[in-house]
Amino acid sequence: MSPPLQRLYNLGARKFVIAGLGLLGCIPSIQAQSRNGVCSKEVNQLIVPFNTNTKVMINNLICNLPGIQFSYIDIHNMFQDLLANARSYGRFQRGEPRVLWNWEEQRPDKLFADADAVP
């Protein structure tokens, strides 16, 4: 049982949104550490158990706390699809890990921020 969620439930909260972890091996600081700037499969594999355990925790809470509801956002699969099908999302070029924060004005064709652009 998750004590923070249990406390919120005891205070009357019944609806929660929980997001899993995304492809952390594809964040710019990790890509910058590789020789050719690609995603780290090893880092991406590290988050799989976390996401699995998060789903187990949610199921346990649903079984033990009457009336509780969860929306789980599968960030991992969302980004896998985004990277695999970049063109279908319109503004991205697959394989170039960049999007500047002022996206529309500066680089509307990139997906992630440059490693050195993130403070």
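The values are calculated or read from the model by the stated rules, or taken from the named source; none is laboratory data. It should be emphasised that the depicted structure is a prediction, and the values quoted were computed from it without experimental measurement. In this analysis, Cβ positions are derived from the backbone assuming ideal geometry, glycine residues included, and neighbour counts consider all displayed protein chains.
Quick look at the values:
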quantity: Search result, residues across segment 1-46 that are surrounded by fewer than 18 Cβ atoms within 10 Å (Cβ to Cβ) and of a type in the set (Val, Ile, Thr); calculated: VAL17, ILE18, VAL38, VAL43
quantity: Residues of segment 53-90 satisfying the condition of being of a type in the set (Phe, Trp, Tyr) and either under 16 Å from ALA19 (Cα atoms) or touching a residue at least 40 places away in the same chain (Cβ under 8 Å) (or both); calculated: PHE70, TYR72, PHE79
quantity: Qualifying helices (runs of 4 or more DSSP H) (wholly inside segment 1-76; at least 1 residues being in contact with a Ser or Thr (Cβ under 9 Å, 6 or more places away or on another chain), at pLDDT 90 or above and hydroxyl-bearing (Ser, Thr, Tyr)); calculated: none
quantity: Positions within segment 16-38 being in contact (Cβ under 8 Å) with a residue 24 or more places away in the chain and out of contact with any Phe, Trp or Tyr (no Cβ under 9 Å at 6 or more places or on another chain), in sequence order; calculated: SER29, ALA32, GLY37
